[in-house]
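Shown next, in structure tokens, is the structure this report addresses.
The values are calculated or read from the model by the stated rules, or taken from the named source; none is laboratory data. Computed from a predicted model, the values in this text were never measured in an experiment. Don't worry about glycine lacking a Cβ; one is built from the backbone with ideal geometry, like all the others, and counts go over all protein chains shown.
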Amino acid sequence: MKLTRHNGRSGKNGVYNPKHNDRRFDIANNEHIDEDRANQNVYWDCYQGFHFPKDQEQEDRIVYSFEQIERAFYSERYDDFCEGQHERNRKTGHSNRDRTTEDLRLDKKTCPEESLIQIGTMEKSVSPAVLAEIAAEFFEEFDRRFGEHIHILDWSLHLDEATPHINERHVFDCENRYGEIAPQQEKALEVLGFDLPNPDQKPGKLNNRKMTFDAACRAMLFDICKQHGLHLDQEPEYGGRAYLEKQDYILMKQKEKLADQEQQIEAKEAELEEITIRISDTESFVEEIANVAYEKAVEAITDTVREEVRNEDFEIIADTRESLFRNFHFTPDAAQTIEAVFSEVMNRFKGMTQHISERLTSIFRSPKKKSEIKEPVKESIRDRLARSQRRADEANARRRAERGLPPRRRQQNMDL
């Protein structure tokens, strides 16, 4: 046989309703519940202790529902926390954040957690008496070990469905930094000494103290079952979620993987959106890049022209000087005079090359010429941006198509 312990707080219809557990609803139209066997159920809560369906029929006895019990517990235990939070909200101007104890009871993060305990299946299971014994011992040990910060509110032994099972509800709490008792699961487990499954890694969905706690509870249940002579199948610990059936676990992991991939896609698209917004004024961006390219081009052209003109002219002057001294003989005074003339000519040509550079720069910087040079540059930049954007959009579309997601409408921030 197999031991099952499922935990949860909410489903598609919101947080779990304790009315299902104490049968405070019309069971006549529920095909999963045998109305004739409903009177055999056993109920327990933290205020009234054990009671049975027949107790509700006695006129001289008031039996409070599980919902009333849980509402009273939350009011009694967490009222100081709510009042303290209201005062802090008032001081910071956030009274809109005020919550009542009833809000806490109905919030999926602070509502009671529900556990289902079952041994066997509808084909073969332990007797109700053995299941009740095992559950009673488990709850007693549970309270002894964790009762300071994890409180069992109520539980029910259901014998009116296909397989005998127990629904139990509990709440985690501990003192906050203001000295108030508040419902908080992870902090309560930390105070109780539960570590992360992987202490060297960051806490997260697949690395939290609740996983360690659930594994400890499962081990407790197996030990108690062994003491009752039961030898149950034990599936391997799947990532700390041992209470799940193997197929349930596989499905859960597939869903988590899909969710992670979708988040990665969304993150990439958000990153693209951020880049797009960053250059939302495309024309200004293009103008800025074109200006930089233009300035660099003008500098390169004038430097090149100046260098070429200077080199060419200097070579002509140097060749003329060499030819004179090679073909003619001059007296020292004449040679000195000729050297002085050539030196003056060289200096004059240096000034001319500077003048040429200044003239070229003035021509290039005329509005008309500047526009003629920049426009092809701007068109090239626009084309490059458009091609990059198209490639990014196509890549995002392929990733979403692979995941079976519809195409994502992207806000157009760039008029390319």
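Whether any residue in segment 123-131 is under 18 Å from Ile150 (Cβ atoms), in contact (Cβ under 8 Å) with a residue 40 or more places away in the chain, surrounded by fewer than 18 Cβ atoms within 10 Å (Cβ to Cβ) and not aromatic (Phe, Trp, Tyr) is what I want to check. No, there is no match, as no residue in segment 123-131 is under 18 Å from Ile150 (Cβ atoms), in contact (Cβ under 8 Å) with a residue 40 or more places away in the chain, surrounded by fewer than 18 Cβ atoms within 10 Å (Cβ to Cβ) and not aromatic (Phe, Trp, Tyr).
Residues in segment 196-209 that are surrounded by fewer than 16 Cβ atoms within 10 Å (Cβ to Cβ) and either of a type outside the set (D, E, K, R) or under 22 Å from Ile152 (Cα atoms) (or both): Asn198, Pro199, Gln201, Pro203, Gly204, Leu206. Between Pro197, Pro128, the distinction of being of a type outside the set (D, E, K, R), within 31 Å of the chain's Cα centre (by Cα) and at pLDDT below 95 belongs to Pro197 only. The set of residues in segment 4-25 that are over 25 Å from Ser125 (Cβ atoms) and either of a type in the set (Ser, Thr, Tyr) or in contact with a Pro (Cβ under 9 Å, 6 or more places away or on another chain) (or both) comprises Arg9, Ser10, Val15, Arg24. Within segment 24-45, does at least one residue satisfy the condition of being in a loop (DSSP other than H, G, I, E, B) and under 27 Å from Asp214 (Cβ atoms)? Within segment 24-45, one or more residues are in a loop (DSSP other than H, G, I, E, B) and under 27 Å from Asp214 (Cβ atoms). Among (1) touching a helix residue (DSSP H, G or I) at 6+ places or on another chain (Cβ under 7 Å); (2) surrounded by 14 or more Cβ atoms within 10 Å (Cβ to Cβ); (3) touching a residue at least 40 places away in the same chain (Cβ under 8 Å), there is one condition Asp214 misses while meeting the rest; what is its number? In the conditions (1) touching a helix residue (DSSP H, G or I) at 6+ places or on another chain (Cβ under 7 Å); (2) surrounded by 14 or more Cβ atoms within 10 Å (Cβ to Cβ); (3) touching a residue at least 40 places away in the same chain (Cβ under 8 Å), Asp214 misses (1) alone. The residues in segment 24-68 that are among the hydrophobic types (A, V, I, L, M, F, W, C), surrounded by 14 or more Cβ atoms within 10 Å (Cβ to Cβ) and closer than 21 Å to Asp160 by Cβ can be counted, and the count is 7.
Which residues, counting only those in segment 156-185, are farther than 30 Å from Gly120 by Cβ and small (Gly, Ala, Ser)? Across segment 156-185, the qualifying residues are Gly179, Ala182. Which numbered condition in (1) surrounded by 13 or more Cβ atoms within 10 Å (Cβ to Cβ); (2) in contact with a helix residue (DSSP H, G or I) (Cβ under 6 Å, 6 or more places away or on another chain) is the only one that Ser156 fails? Unmet condition: (2). The number of residues in segment 174-195 being free of Cβ contacts under 8 Å to residues at least 60 places away in the same chain, surrounded by 15 or more Cβ atoms within 10 Å (Cβ to Cβ) and not in a helix (DSSP H, G or I) comes to 4. Against the test of being touching a residue at least 60 places away in the same chain (Cβ under 8 Å), more than 22 Å from Phe139 (Cα to Cα), out of contact with any Ser or Thr (no Cβ under 6 Å at 6 or more places or on another chain) and loosely packed, with under 12 Cβ neighbours inside 10 Å, the options Gly84, Gly93, Gly14 yield a single qualifying residue, Gly14. Filtered by the rule that a residue be farther than 21 Å from Gly8 by Cβ, of a type in the set (D, E, K, R) and part of a loop (DSSP other than H, G, I, E, B), segment 107-144 gives Glu123, Lys124.
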